[in-house]
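The values are calculated or read from the model by the stated rules, or taken from the named source; none is laboratory data. Just so you know, these numbers come straight off a predicted model, no measurement behind them. Using ideal geometry, Cβ is built from the backbone for each residue, glycine included, and neighbour counts are taken over all protein chains shown. Heavy atoms of the whole protein, side chains included, go into the accessibility calculation; ligands, DNA and RNA do not. Shrake-Rupley method; radii C 1.70, N 1.55, O 1.52, S 1.80 Å.
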Amino acid sequence: MGKHQFDFEITDAFFKEFEYSLVKKGRLDCRVELERQETMLILNFNISGTIDLACDRCLAEYPQQVNITEQQIAKFSDDEVIDDEDIITLTKNDYEIDLAGLIYEYINVARPFVTVCSQEGKTQYCDTEMLDRINKLSGNEEQNVEEADPRWDALKKIK
């Protein structure tokens, strides 16, 4: 009974254990405070560090800072199975709980939906060559203005 604290170091080897992981590399520290009560366990997670992501804009790999605080409850139950996805059900005979899946899930949920290395060209990680290529191939608005149909010029004067 009482509070217990566990510290884990999460490295690339952790992410290799999950076959189709969105995150492949990272260096994080995870502190889990387990409070054991008579009928339940309360798990408080504090995960902080960096995960390596690919920028959606320039495709450069950059470190993304994450700071995660989550709580999970595990209840002891002999016969009834609790149909609540927020609560883990344990039997009275269970003496260990695997936290790897929870930690993995918390890290992947903290991953930004749109990953960008920051403002274009303003960080050491941004691949400015790639951005220049994309802008060149995307057909800038300047080219579209030059190629405008002269028949529309008369309508523009009406404004």
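Condition first: open to solvent by 10 Å² or more (accessible area, probe 1.4 Å), under 17 Å from residue 73 (Cα atoms) and in contact with a Phe, Trp or Tyr (Cβ under 9 Å, 6 or more places away or on another chain). Now tell me which residues in region 39-55 satisfy that.
Scanning region 39-55 gives 39, 40, 41.
Which condition number does residue 109 fail, the rest of (1) in contact with a Phe, Trp or Tyr (Cβ under 8 Å, 6 or more places away or on another chain); (2) open to solvent by 80 Å² or more (accessible area, probe 1.4 Å) being met?
If we test residue 109 against (1) in contact with a Phe, Trp or Tyr (Cβ under 8 Å, 6 or more places away or on another chain); (2) open to solvent by 80 Å² or more (accessible area, probe 1.4 Å), just (1) comes out false.
Based on this model, can you work out whether residue 78 counts as on the phi < 0 side of the Ramachandran plot and assigned to a strand (DSSP E or B)?
Here the answer is no, as residue 78 does not meet what is asked.
Note down all Cβ pairs under 6 Å where the first residue falls in region 38-56 and is at positive phi, the second is open to solvent by less than 40 Å² (accessible area, probe 1.4 Å), and they're at least six residues apart or on different chains.
What qualifies is 49/28.
Hey, could you check region 22-42 for residues that are of a type outside the set (Lys, Arg), over 14 Å from residue 7 (Cβ atoms) and part of a strand (DSSP E or B) and say which is modelled with the lowest pLDDT?
40
From 36, 31, which residue is touching a strand residue (DSSP E or B) at 6+ places or on another chain (Cβ under 6 Å) and surrounded by fewer than 17 Cβ atoms within 10 Å (Cβ to Cβ)?
31
Does region 93-105 include one or more residues that are open to solvent by 80 Å² or more (accessible area, probe 1.4 Å) and in a strand (DSSP E or B)?
no
Looking at this structure, is residue 82 modelled with pLDDT of 85 or more and of a type in the set (Val, Ile, Thr)?
Criteria not met by residue 82.
In this structure, does residue 75 turn out to be more than 30 Å from residue 137 (Cβ to Cβ), basic (Lys, Arg) and surrounded by 14 or more Cβ atoms within 10 Å (Cβ to Cβ)?
Judged against the criteria, residue 75 is a match.
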